[in-house]
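Colleague: The structure under discussion is supplied below as structure tokens; questions concerning it will follow.
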Amino acid sequence: MQPAIQFVDVVKIYPLKAGDVLALNHISFEVEPGEFISIMGPSGSGKSTLLNLMGCLDTPTTGDIFVSGTGVRAMNDVELTNLRRDRIGFIFQYFNLFPLLNVIENVNFPQMLKSGKDVNPDKAKEVLHAVQLEDQFYMHTPMELSGGQQQRVAIARALINDPDILLCDEPTGNLDSKTGASIMELMTDLNKKGATIICVTHDPTVAKYSNRTIRIVDGCIAS
Amino acid sequence: MIFWEIAKRNIRIHVLRSTLAMLGIVIGVVAIAAMGILGNSLVATVSDSLKSVGDSVIVTPYSGGGGMMGGGGGGGGGSSENLKITDQNFQQIQRTVAPNVAIPVYSTSEHMKIGVGSDDIVTTIYGVPSADVPDMMKLQAGDYNNGNSGCLVGSTFAKDHDLKVGSRISIGTDGSKGTLRVTGIIEERGMSFDISTDNALVVTDNWFENTYNRNGDYDEVVVKVKDGDTADVKTAIEKQLNKRKDNKIVSVTDSKATLNTIYATFGTVTTFVSAIGGISMVVAGVSIFNIMMMSVNERIKEIGIMRSIGTQKKEVMSMFIYEAAIIGVIGSIIGGIFSILAGWAVSALMLGTTKYLLTMANAISVSEAVGFGIIICLSCGIYPAWQAANLNPIDALRHE
């Protein structure tokens with residue numbers, strides 16, 4: 001089976017007026033399907049750059065990245081966007097739901113992007129059940145939900161297109177510890193059901209839920 | 001589609017801002033369409049007034065200058081006192097334009113009185129062969145058979161002096177040139193190139209010749225072109241009578257060509273006035289551009305999220321284009337409806353009539369203004385939409 005994500009000697013340099021900044025320095029690693037990985041490191045270590053590259057929001061300066069065996073380096077913007085839509089689910093620290101859409105519409109959004117038309121809300125309801133959000137909230141807008149409920153909606157949105165990988169950026173960073181724990185338990189459940197999860201975090205409590213931790217220091221993998 | 005829905009909802013939550021932008025478009029469309037309607041109505045009014053003379057060629061004595069705008073209104077004024085068209089020239093014209101009818105016209109200004117003790121009036125008297133009168137004018141009352149002591153009077157003259165069929169007019173100072181009986185009232189002709197009868201009297205050529213001792217020295221000749229083109233008739237007359245370039249005999253005016261020049265001038269004026277109205281549309285466009293840029297700036301993070309979860313650039317762009325289109329279409333349609341009301345008001349106030357409001361030309365003017373409004377809105381939405389679509393998703397996601 002091909003790795004869910006494979007980094008091969010990846011270098012990322014940001015050319016700035018003040019001089020080039022080396023954000024990632026010859027990084028290589030693999031994430032197998034079904035793994036739950038946490039990526040930790042201090043501020044400025046290259047975590048966000050790594051997340052952007054894994055999420056196909058950016059391309060490496062040198063080296064290769066493969067998502068489920070597909071090389072992304074030569075892809076154009078349209079192909080990268082389709083890859084994000086179909087293979088990757090994003091979960092953000094600040095939930096990042098669309099304030100103008102209700103819960104069902106938020107969850108259905110990636111599905112509508114994929115199909116190019118309005119879709120049946122049944123699958124969205126099914127996924128919302130899986131993330132344990134009660135039916136009564138389905139027609140609410142994000143502003144009418146608590147932080148934990150919003151993050152459940154965000155997880156449901158990330159899962160709706162059956163992605164190969166779930167990329168989480170500090171998923172509990174904006175939640176209280178109790179809600180954060182319930183969200184991490186939900187992620188663990190999803191992982192047990194087969195989801196590949198990569199979680200970028202500062203929080204060692206979050207990292208404890210993962211099977212493996214990659215530590216980044218100064219753009220290199222420390223351990 | 002979801003982007004259409006988002007565009008609609010975004011307009012709804014910023015209802016005041018969107019309404020003000022729409023108001024700008026409404027004003028722009030009304031300004032352009034109302035000016036167009038006014039121009040079209042003006043052309044229609046003039047056209048109605050002049051349509052009866054559109055088939056005439058007017059021949060006047062050559063006075064040394066260029067062509068003239070018409071020989072009516074008193075026989076060309078003082079400078080043409082001694083310039084006449086001779087009977088021989090008239091017969092040449094008659095032969096040249098056959099089978100079209102050439103009508104010789106005398107004209108002079110004369111004092112007259114209506115009733116005993118009335119004020120002295122000065123107006124124009126035309127002398128036209130009785131047989132040719134029906135070719136030149138229509139009557140609203142009485143009949144053409146005015147005999148030697150009868151006359152036809154223009155509708156304005158009749159109205160101003162309370163004249164009816166059978167009324168009597170003393171001609172000349174103290175009635176020195178006799179009395180004429182009104183046998184018919186001429187229908188209003190408005191502006192014309194040949195003779196202006198609304199404020200004049202029309203008598204027989206015999207009466208005119210006897211009274212003013214004239215014989216075969218006409219002030220103008222009007223050719224009613226029923227066979228062929230007025231331009232060809234004009235050329236034929238010039239070729240026949242103005243053989244020598246240094247000794248021209250007549251000036252020839254093609255009324256149709258003059259009319260076309262007038263229409264073209266009105267068209268230019270209408271376009272110019274509409275263009276001035278267009279300035280308000282440009283201002284409205286700037287307002288749309290402004291609110292679209294605000295909309296993009298407020299939603300940078302949202303755009304970043306959309307792009308990160310798989311929204312294509314063109315889909316982001318479509319969302320903002322839909323927003324501009326909704327404002328443009330609603331604003332322009334409301335503007336179109338208001339412009340009909342504005343056109344009605346402007347026509348009523350400036351032209352005194354609204355009978356030319358519901359015409360195809362006005363429908364086109366309104367449609368053009370509505371279309372222009374929509375195009376302006378879409379154009380002003382394109383750059384902000386493009387900018388939104390081309391935001392770097394990573395930078396947009398970081399935006400606070």
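Colleague: Among B:Gly184, B:Gly154, B:Gly172, which is the only one that is assigned by TED's automatic domain parsing to the domain that holds B:Phe208 and either surrounded by fewer than 14 Cβ atoms within 10 Å (Cβ to Cβ) or in contact with a Phe, Trp or Tyr (Cβ under 8 Å, 6 or more places away or on another chain) (or both)? Spell out the reasoning first.
Modeller: Working: B:Gly154 fails: either surrounded by fewer than 14 Cβ atoms within 10 Å (Cβ to Cβ) or in contact with a Phe, Trp or Tyr (Cβ under 8 Å, 6 or more places away or on another chain) (or both); B:Gly172 fails: either surrounded by fewer than 14 Cβ atoms within 10 Å (Cβ to Cβ) or in contact with a Phe, Trp or Tyr (Cβ under 8 Å, 6 or more places away or on another chain) (or both).
Within the list B:Gly184, B:Gly154, B:Gly172, the selection yields B:Gly184.
Colleague: Give just the number: which of (1) at pLDDT 85 or above; (2) surrounded by 14 or more Cβ atoms within 10 Å (Cβ to Cβ); (3) in the same structural domain as B:Arg17 (by TED's automatic domain parsing); (4) hydroxyl-bearing (Ser, Thr, Tyr) does B:Thr253 not satisfy?
Modeller: (3)
Colleague: Here's something else I'd like to know. Of the residues in segment B:258-273, how many are surrounded by 14 or more Cβ atoms within 10 Å (Cβ to Cβ) and of a type outside the set (Val, Ile, Thr)?
Modeller: So the count comes out to 3.
Colleague: Counting only residues that are in a helix (DSSP H, G or I) and not acidic (Asp, Glu), how many does segment A:69-123 have? Can you show your working first?
Modeller: Keep residues of segment A:69-123 that are in a helix (DSSP H, G or I), which gives A:77-87, A:103-115, A:122-123.
Then drop every residue that is not not acidic (Asp, Glu), which leaves A:78, A:80-85, A:87, A:103-104, A:106-115, A:123.
Counting residues in segment A:69-123 that are in a helix (DSSP H, G or I) and not acidic (Asp, Glu) gives 21.
Colleague: Any chance you could count how many residues in segment B:5-34 are within 14 Å of chain A (Cβ to nearest Cβ), farther than 13 Å from B:Ile327 by Cα and touching a helix residue (DSSP H, G or I) at 6+ places or on another chain (Cβ under 7 Å)?
Modeller: Number of matching residues: 1.
Colleague: Now a separate question. Has segment A:81-88 got any residue that is touching a Ser or Thr at 6+ places or on another chain (Cβ under 9 Å), free of Cβ contacts under 8 Å to residues at least 60 places away in the same chain and of a type in the set (A, V, I, L, M, F, W, C)?
Modeller: Checking segment A:81-88: at least one residue is touching a Ser or Thr at 6+ places or on another chain (Cβ under 9 Å), free of Cβ contacts under 8 Å to residues at least 60 places away in the same chain and of a type in the set (A, V, I, L, M, F, W, C).
Colleague: Right, another one. Could you run through segment A:93-105 and say how many residues are closer than 14 Å to A:Met139 by Cβ and either of a type in the set (Lys, Arg) or more than 10 Å from chain B (Cβ to nearest Cβ) (or both)?
Modeller: Qualifying residue count, segment A:93-105: 3.
Colleague: Can you list the strands (runs of 3 or more DSSP E) found entirely within segment B:114-180 that contain at least 2 residues being closer than 15 Å to B:Asp198 by Cα? Talk me through it step by step, then tell me what you get.
Modeller: On the way: elements: B:121-128, B:139-142, B:150-154, B:168-171.
Once the strands (runs of 3 or more DSSP E) in segment B:114-180 are filtered for at least 2 residues that are closer than 15 Å to B:Asp198 by Cα, what remains is B:121-128, B:139-142, B:150-154.
Colleague: A further question follows. Could you grab me the full set of residues in segment B:223-281 that are in contact with an Asp or Glu (Cβ under 7 Å, 6 or more places away or on another chain), of a type outside the set (D, E, K, R) and assigned to a helix (DSSP H, G or I)?
Modeller: B:Thr230, B:Ala231, listed by residue number.
Colleague: Scanning segment A:49-92 for residues that are at the interface with another protein chain (Cβ under 9 Å from one of its Cβ atoms) and surrounded by fewer than 19 Cβ atoms within 10 Å (Cβ to Cβ), which turns out nearest to A:Ile197 (Cα to Cα)?
Modeller: Only one residue tops the list, namely A:Asp86.
The values are calculated or read from the model by the stated rules, or taken from the named source; none is laboratory data. If you're wondering where the values come from, they're calculated on a predicted model, not measured in any experiment. Cβ atoms come from the backbone with ideal geometry, glycine included; neighbour counts cover every protein chain shown.
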